[in-house]
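> The structure under discussion is supplied below as structure tokens; questions concerning it will follow.
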Amino acid sequence: MSDTQHFDLIVIGGGPGGYVAAIRAAQLGMKVACIDAFKSKDGGKPALGGTCLNVGCIPSKALLDSSRQFHNLTHGFADHGISASDAKIDVGRMVARKDRIVKQFNGGVAALFKANKVTAFHGVGTLHAGRKVSVKGHDGKDATLTATNVILASGSVSIELPFAKFDGKRIVDNVGVLDFDAVPRRLGVIGAGVIGLEMGSVWGRLGAEVTILEALPDFLAAADADVAKLALREFKKQGLEIKLGCKVSNVEVKGDEVHVTYSDGKADQSLVVDRLLVSVGRRAATAGLLAEGSGVKLTQRGFIEVDDHCHTGVDGVWAIGDCVRGPMLAHKASEEGIAVAERIAGLPGHVDFNTVPWVIYTEPEIAWVGKTERELKDAGVPYKVGTFPFAAIGRAVAMNETAGMVKVIAHADTDRILGMHLVGANVSELVHEGVVAMEFKGSAEDLARICHAHPTLSEAVHEAALAVDKRAIHKAN
Ligand code: FAD
Ligand code: NAD
């Protein structure tokens with residue numbers, strides 16, 4: 001073992017929580033080390049960026065975009081008078097493009113570390129008592145580090161069902177589903193959550209018959225009910241077979257096929273597919289992270305226990321991102337990373353969970369911020385609602401993307417915006433009107449009085465805000 005090196009801050013995990021925290025702390029003048037265990041696909045090299053960059057947000061969006069282009073070519077262009085015959089998808093090339101994008105950003109994070117003088121360690125970090133961290137280097141070299149503060153940002157891993165062990169080929173998680181070598185004829189998905197819908201869309205658009213089995217009776221239970229209903233209708237039109245209220249009891253690989261047994265509440269059913277994606281949620285990644293005596297506690301569900309400020313209760317030890325409570329979103333992890341780095345520097349870092357936006361990158365896209373009607377009803381908060389459909393928006397019609405709507409929810413007495421729920425084209429961008437308005441404690445009246453360019457999709461946000469007070473112009477109120 002080499003001599004012990006001391007840092008102001010050690011970050012364990014180089015995902016969007018960890019690498020962002022490391023950079024912000026370095027900007028604030030700290031001497032920072034970041035330990036990350038992720039290995040690149042091509043030969044196990046350092047691959048900073050975590051789940052999000054390597055096997056999550058970015059590669060999934062690369063494939064979503066490729067498959068969207070293909071789907072438009074085969075299904076959408078004819079209406080515009082554009083014809084193309086014999087369209088083909090080269091899956092190898094599509095996956096290679098995705099890999100190039102990932103590699104480009106792996107290099108980007110490494111370059112940012114260099115520019116900010118963050119010392120990177122490629123290996124597994126373990127926290128011991130007294131803020132001592134041991135590193136088991138992937139190159140065989142071990143190190144011992146100490147720090148005034150440590151941030152745990154180890155992220156999450158897929159939950160495995162005991163009867164459907166991942167084999168990386170027939171039964172896959174988010175990693176395998178990004179790297180199929182051909183379009184499966186039949187793709188089964190367990191779990192109609194974010195990953196199931198996004199990855200089901202990718203392979204469905206490329207021609208796979210996709211069947212999604214969801215345990216809950218409600219589709220997208222966390223989303224606004226009207227948004228979920230509208231999205232479900234569109235997904236069904238696209239050919240995604242979504243079966244709700246299904247309890248999977250067995251999965252068996254038989255030759256080239258995967259046989260799935262499930263109950264739909266009435267009887268046992270079977271589904272035979274060529275590949276099966278299991279996307280039933282993720283759990284905190286804590287294996288090997290905490291040595292005995294570290295003092296850091298885990299919750300019953302296996303997350304690292306933290307207070308509202310991401311402090312673990314152990315002096316100088318913090319935890320952020322997917323390994324702690326709260327939504328498993330890259331931007332939530334990054335915001336927590338920035339807030340903790342600032343708190344360590346004596347600044348007032350803060351994250352408002354109520355204004356963290358959610359986006360599902362299907363087609364139509366789904367996005368929301370703040371409370372749903374159901375949540376407000378349950379909490380007894382009086383509210384009023386304004387909605388507006390994209391079908392009445394000139395730009396959406398010009399784009400042939402008329403499915404969807406915007407819903408603005410405001411407090412019945414104060415008019416303050418409590419939530420915004422959107423389904424439609426580009427709503428991943430539009431939702432930020434709601435985020436900004438809510439961050440500034442804005443009212444529906446504020447949004448209604450803001451001039452929106454014509455013709456844009458954002459006019460649907462404007463009209464929905466006007467509709468809260470029953471004065472939308474382009475629909476009967
Ligand atoms: P991670 O990104 O998981 O990073 C943790 C890092 O720590 C990893 O590199 C891991 O190898 C490393 N590590 C773990 N333990 C140790 C250790 N002991 N020593 C050293 N290193 C260690 N979120 C969005 O907001 N938008 C999206 O579009 C989106 N799409 C997604 C698509 C998929 C398919 C998946 C799986 C997730 C997606 N997410 C998305 C969620 C997002 O990826 C996570 O919320 C985000 O990556 C969490 O960041 P993190 O830094 O907490 O953890
Ligand atoms: P999820 O929590 O979004 O969805 C899991 C779904 O599986 C739920 O609908 C759940 O009811 C269902 N389920 C659970 N057990 C089941 C079972 N035994 N049989 C059938 N259905 C079952 O989880 P995910 O899709 O695995 O994604 C994990 C996390 O990654 C999400 O929480 C999300 O925060 C993050 N993510 C975000 C994005 C994005 O922001 N666009 C994209 C992908 C992933």
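The values are calculated or read from the model by the stated rules, or taken from the named source; none is laboratory data. Everything numeric in this text was worked out from a predicted model, so none of it was measured. Glycine gets a Cβ as well: all are built from the backbone with ideal geometry, and neighbour counts include every protein chain shown. For the accessible areas, the whole protein counts, side chains as well, though only heavy atoms, and no ligand, DNA or RNA atoms are used. Shrake-Rupley method; radii C 1.70, N 1.55, O 1.52, S 1.80 Å.
> Determine if segment 180-201 includes at least one residue that is of a type in the set (Val, Ile, Thr), out of contact with any Lys or Arg (no Cβ under 7 Å at 6 or more places or on another chain), open to solvent by less than 50 Å² (accessible area, probe 1.4 Å) and within 16 Å of ligand 1 (Cβ to nearest atom).
There is at least one residue in segment 180-201 that is of a type in the set (Val, Ile, Thr), out of contact with any Lys or Arg (no Cβ under 7 Å at 6 or more places or on another chain), open to solvent by less than 50 Å² (accessible area, probe 1.4 Å) and within 16 Å of ligand 1 (Cβ to nearest atom).
Each row is one residue, and each column tells you yes or no for (1) touching a Pro at 6+ places or on another chain (Cβ under 9 Å); (2) among the acidic types (Asp, Glu); (3) closer than 23 Å to residue 58 by Cα; (4) more than 16 Å from ligand 2 (Cβ to nearest atom).
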| site | (1), (2), (3), (4) |
| --- | --- |
| 288 | no, no, no, yes |
| 291 | no, no, no, yes |
| 295 | no, no, no, yes |
| 298 | no, no, no, yes |
| 302 | no, no, no, no |
| 308 | no, yes, no, yes |
| 316 | no, no, no, yes |
| 319 | no, no, no, yes |
| 335 | no, yes, yes, no |
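> Let me ask you something else. Which of the residues spanning segment 119-149 are loosely packed, with under 15 Cβ neighbours inside 10 Å, part of a loop (DSSP other than H, G, I, E, B), touching a residue at least 12 places away in the same chain (Cβ under 8 Å) and not basic (Lys, Arg)?
Once the filter is applied, which keeps residues that are loosely packed, with under 15 Cβ neighbours inside 10 Å, part of a loop (DSSP other than H, G, I, E, B), touching a residue at least 12 places away in the same chain (Cβ under 8 Å) and not basic (Lys, Arg), segment 119-149 yields only 139.
> Could you look through segment 164-187, keep only residues that are in a strand (DSSP E or B) and more than 21 Å from the chain's Cα centre (by Cα), and pick out the one that is farthest from ligand 2 (Cβ to nearest atom)?
Once the filter is applied, the top-ranked residue is 186.
> Let me ask something else. Looking only at segment 420-430, which residues are surrounded by fewer than 24 Cβ atoms within 10 Å (Cβ to Cβ) and either in contact (Cβ under 8 Å) with a residue 24 or more places away in the chain or hydrophobic (A, V, I, L, M, F, W, C) (or both)?
425, 426, 428, 430
> Right, another one. Please work out if residue 152 is surrounded by 14 or more Cβ atoms within 10 Å (Cβ to Cβ) and over 28 Å from the mean Cα position of the chain (by Cα).
Spelling it out, it is not the case that residue 152 is surrounded by 14 or more Cβ atoms within 10 Å (Cβ to Cβ) and over 28 Å from the mean Cα position of the chain (by Cα).
> Please determine, by comparing only the residues of segment 15-46 that are touching a His at 6+ places or on another chain (Cβ under 9 Å) and within 11 Å of ligand 1 (Cβ to nearest atom), which one is farthest from residue 347 (Cα to Cα).
Ranking the qualifying residues of segment 15-46, first place goes to 39.
> Give all pairs with beta carbons closer than 9 Å in which a residue from segment 11-30 that is open to solvent by less than 20 Å² (accessible area, probe 1.4 Å) meets a residue that is more than 16 Å from ligand 2 (Cβ to nearest atom) and hydroxyl-bearing (Ser, Thr, Tyr); count only pairs at least 6 apart in sequence or on separate chains.
11/19; 12/126; 13/19
> Take residue 85 and decide whether it is away from ligand 1 (no atom under 13 Å from the Cβ), among the hydroxyl-bearing types (Ser, Thr, Tyr), open to solvent by less than 40 Å² (accessible area, probe 1.4 Å) and under 30 Å from residue 401 (Cα atoms).
So residue 85 fails the test.
> Being crowded, with 21+ Cβ neighbours inside 10 Å, farther than 30 Å from residue 203 by Cα and touching an Asp or Glu at 6+ places or on another chain (Cβ under 7 Å) narrows it down to one residue among 355, 372; which is it?
Going through 355, 372 in turn, the sole match is 372.
> Would you mention how many residues in segment 281-316 are surrounded by fewer than 18 Cβ atoms within 10 Å (Cβ to Cβ) and not in a loop (DSSP other than H, G, I, E, B)?
Number satisfying all stated conditions: 3.
> For segment 340-373, enumerate the residues that are touching a Pro at 6+ places or on another chain (Cβ under 9 Å) and assigned to a helix (DSSP H, G or I).
Result: 342, 353.
> A follow-up question, please. Would you tally the residues in segment 374-403 being part of a loop (DSSP other than H, G, I, E, B) and not aliphatic (A, V, I, L, M)?
So the count comes out to 5.
> Cβ contacts < 7 Å: first residue over 17 Å from residue 384 (Cα atoms), restricted to segment 433-450; second residue β-branched (Val, Ile, Thr), any location; separation 6+ or different chain. Result?
Note: pairs meeting the criteria are 433/461; 435/355; 435/369; 439/355.
> Can you find a residue that is within 11 Å of ligand 1 (Cβ to nearest atom), under 20 Å from residue 202 (Cβ atoms) and at pLDDT 95 or above anywhere in segment 129-148?
no
> Got a number for residues in segment 202-236 being under 15 Å from the mean Cα position of the chain (by Cα) and open to solvent by less than 50 Å² (accessible area, probe 1.4 Å)?
2
> I've got another one for you. Give the residue, chosen from 86, 42, that is more than 16 Å from ligand 2 (Cβ to nearest atom), among the acidic types (Asp, Glu) and farther than 20 Å from residue 175 by Cα.
Just one listed residue meets the conditions, 86.
> Return the residues of segment 102-118 that are open to solvent by 60 Å² or more (accessible area, probe 1.4 Å), without any contact (Cβ under 8 Å) to a residue 40 or more places away in the chain and more than 24 Å from the chain's Cα centre (by Cα); say none if nothing qualifies.
If the condition is that a residue be open to solvent by 60 Å² or more (accessible area, probe 1.4 Å), without any contact (Cβ under 8 Å) to a residue 40 or more places away in the chain and more than 24 Å from the chain's Cα centre (by Cα), then 114, 115 are the ones that fit.
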